Amino acid sequence: MALDLKEHFVKYEALVQMVDAVFDKVKNEYPKEVFCREKCSDCCYAIFDLTLIEALYLKDKFSTKFSGKEKNDLIEIADKTDRVLVKMKREAFKKVKKDTSSELEVIGKMSQERVRCPLLGENNLCIMYENRPITCRVYGIPTSTAGVSHICGRTNFNQGQPYPTLNMDKIYTQLQLLSAQLVKDINSEKIRMHEMLIPVSMAMITDFNEEYLGVKKDE
């Protein structure tokens, strides 16, 4: 990645620090309820996508940390994972297209699917733990999206009880804004690229070069 995105990554890291602080606060207040511990990989099988800023950040850190055969082996794993996800999403799209009234049901079933994250190592530890996405960082505490609450499958929080809940819609909005600013600053022709949602597997195998990002060339 030839583009210098350090300024944007610093802003993203500031958001990550804020999210980590929220997680730590809830964990300290509810130590018995937050199950998170080393080698608990329940969240490493959840299906979710990254915003553009997260995908670029993860790929940058991944490319810095790994090289040679080790990197190629990990990319091969990511490629296989990505093909599985593409197939699942294609089938889900066909079902919704056939019966639009089933959209919520299809989305619900997709959210319950489990696919091993390509970043989960053989020792059941995340190989990019320090740079893991925000979704991974908040998995063990109560969150809400579009007014619907979510809790970890292994949590000791009781469904229906009042707990501090992280509003993920606000976090996603911030991530979209960071992505939009990045697209503007690199002078991309793809002005709606900030709306992209990218699986971890795709972020690992994609070459986010200037052509991919739609950077306008000097005439």
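The values are calculated or read from the model by the stated rules, or taken from the named source; none is laboratory data. This structure is a prediction, so every number in the text was calculated from the model and none was measured. For neighbour counting, all protein chains shown are included, and Cβ atoms are generated from backbone atoms with ideal geometry for every residue, glycine included. Surface areas here come from the heavy atoms of the whole protein model, side chains and all, with no ligands, DNA or RNA. Shrake-Rupley method; radii C 1.70, N 1.55, O 1.52, S 1.80 Å.
Listed values, structure above:
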item: Residue, farthest from Cys117 (Cα to Cα), within the stretch 1-49, restricted to residues that are open to solvent by 40 Å² or more (accessible area, probe 1.4 Å) and of a type in the set (Ser, Thr, Tyr); result: Tyr30
item: Only listed residue being touching a residue at least 24 places away in the same chain (Cβ under 8 Å), open to solvent by 30 Å² or more (accessible area, probe 1.4 Å) and either touching a strand residue (DSSP E or B) at 6+ places or on another chain (Cβ under 7 Å) or closer than 23 Å to Lys25 by Cβ (or both), chosen from Asp169, Asp185; result: Asp169
item: Residues of the stretch 118-131 classified as buried (at least 21 other Cβ atoms within 10 Å of the Cβ) and either under 11 Å from the mean Cα position of the chain (by Cα) or among the β-branched types (Val, Ile, Thr) (or both), total; result: 0
item: Matching entry among Glu7, Glu29 (being among the acidic types (Asp, Glu), modelled with pLDDT of 90 or more and over 24 Å from Lys59 (Cα atoms)); result: Glu29
item: Single unsatisfied condition, Leu85 versus (1) at pLDDT 95 or above; (2) surrounded by 17 or more Cβ atoms within 10 Å (Cβ to Cβ); result: (1)
item: Failed condition for Phe62, given (1) touching a residue at least 60 places away in the same chain (Cβ under 8 Å); (2) in a helix (DSSP H, G or I); (3) open to solvent by 20 Å² or more (accessible area, probe 1.4 Å); (4) among the aromatic types (Phe, Trp, Tyr); result: (3)
item: Tally, over the stretch 65-90, of residues that are free of Cβ contacts under 8 Å to residues at least 60 places away in the same chain and of a type in the set (Asp, Glu); result: 3
